[in-house]
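What follows is a set of notes on a single structure, which appears directly below.
The values are calculated or read from the model by the stated rules, or taken from the named source; none is laboratory data. Small disclaimer: the values here were computed from a predicted structure and weren't measured. With ideal geometry, Cβ positions are generated from the backbone for all residues, glycine too; neighbour counts draw on all protein chains shown. All accessible areas refer to the heavy atoms of the entire protein, side chains included, with ligands and DNA or RNA removed. Shrake-Rupley method; radii C 1.70, N 1.55, O 1.52, S 1.80 Å.
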Amino acid sequence: MALDGLMLHHLIDELKTLENGKIGKITQVGNNDFIFVIRNNSKNNKLFISLERNQYRIAITDKDYIAPQNATMFAMLLRKHFEGGAITQIYQNGLDRIAIFKVLKTNEFGDKVFKYLIIELMGKNSNLIITDSEFIIIDSLKKNGISEDGRTVLPKALYEFPIENKYNILNLSNDKIKEIYENSINNYKDIIATFSGFSPVIAKYI
């Protein structure tokens, strides 16, 4: 099953069990793989985030991973901004393949501040981005400069969500979906072009 926007929508619903949990140890277990230990309801949960081009995903796992002896600079930055923080909200941007973790953390001055961990699950463009409470980018695993869609992913730049010009079925009534479908849809490619969140696999099935 392809991890498209619709699948991520339902996955986010399951991950919401981690809300109000406290982030413990963060480990980078591969070039593009991370483990976040999250304590919630007297239980440690291991959140696995993979940004591999062909296996990008996010899931709660029981698998044990071997941590490298030396942490990368980005792993240490993740620890600085998120270890000890409390997850106040987990949500998705529309039906994009973007998961957002809102975290409340005490900074070095003793003030409680919000930070965002933004997980972009977009194949070769998958990324892990840290921003402050105003969505100013602190750092990211991949620095993209100015991308094809005009977004800048660099430290101190404003993080901008992709512009969506497709219909979000979650915001439409059944009658409206039926109307659009009957007037605009002739094949699976039309579904992908008209509605956000649909992969070719699901569109072909429909």
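For the stretch 159-172, enumerate the residues that are of a type in the set (S, T, N, Q) and open to solvent by 90 Å² or more (accessible area, probe 1.4 Å).
Asn165, Asn171
Take Gly85 and tell me if it is within 16 Å of Tyr116 (Cβ to Cβ) and more than 17 Å from the chain's Cα centre (by Cα).
Values: within 16 Å of Tyr116 (Cβ to Cβ): yes; more than 17 Å from the chain's Cα centre (by Cα): yes.
Yes; evaluated as a whole, the condition is true for this residue.
Kindly provide the set of residues from the stretch 99-120 that are open to solvent by less than 70 Å² (accessible area, probe 1.4 Å) and farther than 30 Å from Arg53 by Cβ, ordered by number.
Step one: filter the stretch 99-120 for residues open to solvent by less than 70 Å² (accessible area, probe 1.4 Å), giving 99-107, 110, 113, 115-120.
Across the stretch 99-120, the qualifying residues are Leu104, Lys105, Thr106, Asn107, Gly110, Val113.
Taking the residues in the stretch 28-44 that are over 17 Å from Ile129 (Cα atoms) and touching a helix residue (DSSP H, G or I) at 6+ places or on another chain (Cβ under 7 Å) as candidates, determine which candidate is most open to solvent (accessible area, probe 1.4 Å).
Asn40
For the structure I just gave you, tell me whether Glu52 is closer than 25 Å to Asn144 by Cα and modelled with pLDDT under 95. Steps first, please.
Values: closer than 25 Å to Asn144 by Cα: yes; modelled with pLDDT under 95: yes.
It is true that Glu52 is closer than 25 Å to Asn144 by Cα and modelled with pLDDT under 95.
If you go through the stretch 58-83, how many residues are surrounded by fewer than 16 Cβ atoms within 10 Å (Cβ to Cβ) and either of a type in the set (A, V, I, L, M, F, W, C) or on the phi > 0 side of the Ramachandran plot (or both)?
Adding up the residues that qualify gives 7.
Search the stretch 123-139 for residues that are under 13 Å from Ile100 (Cβ atoms) and pair each with any residue that is open to solvent by 50 Å² or more (accessible area, probe 1.4 Å) and among the aromatic types (Phe, Trp, Tyr) when their beta-carbon atoms are under 6 Å apart and the residues are at least 6 apart or on different chains.
Ser133/Phe114
Quick check on my filter: what residues within the stretch 128-158 are surrounded by 15 or more Cβ atoms within 10 Å (Cβ to Cβ), at pLDDT below 95 and in contact with a Ser or Thr (Cβ under 7 Å, 6 or more places away or on another chain)?
Listed by number, the list holds a single entry, Val153.
Do you know which residues across the stretch 84-98 are in contact with a Leu (Cβ under 9 Å, 6 or more places away or on another chain) and on the phi > 0 side of the Ramachandran plot?
At the first step, the residues of the stretch 84-98 found to be in contact with a Leu (Cβ under 9 Å, 6 or more places away or on another chain) are 85-88, 90, 92, 94-98.
Scanning the stretch 84-98 gives a single hit, Gly94.
Can you tell me which condition Ile191 does not meet? The list is (1) more than 30 Å from Ala86 (Cβ to Cβ); (2) in contact with a strand residue (DSSP E or B) (Cβ under 8 Å, 6 or more places away or on another chain); (3) among the hydrophobic types (A, V, I, L, M, F, W, C); (4) at pLDDT 95 or above, and all the others hold.
Here Ile191 meets the rest and fails (2).
Among the residues of the stretch 189-204, which ones are without any contact (Cβ under 8 Å) to a residue 40 or more places away in the chain and either among the β-branched types (Val, Ile, Thr) or more than 22 Å from Leu121 (Cα to Cα) (or both)?
Matches in the stretch 189-204: Asp190, Ile191, Ile192, Thr194.
In the stretch 1-38, what residues are closer than 17 Å to Thr61 by Cβ, in contact (Cβ under 8 Å) with a residue 40 or more places away in the chain and polar (S, T, N, Q)?
Scanning the stretch 1-38 gives Thr27, Gln28, Asn32.
Residues Asp139, Asp111, Asp96, Asp64: which one is out of contact with any Lys or Arg (no Cβ under 8 Å at 6 or more places or on another chain) and under 20 Å from Met7 (Cβ atoms)?
Working: Asp139 fails: under 20 Å from Met7 (Cβ atoms); Asp111 fails: under 20 Å from Met7 (Cβ atoms); Asp64 fails: under 20 Å from Met7 (Cβ atoms).
Criteria check complete, one pass: Asp96.
Using beta carbons and a limit of 6 Å, which pairs, at least six apart or on different chains, have the first residue in the stretch 152-179 and free of Cβ contacts under 8 Å to residues at least 60 places away in the same chain and the second one in a loop (DSSP other than H, G, I, E, B) and open to solvent by 90 Å² or more (accessible area, probe 1.4 Å)?
Matching pairs, first to second residue: Leu154/Lys143.
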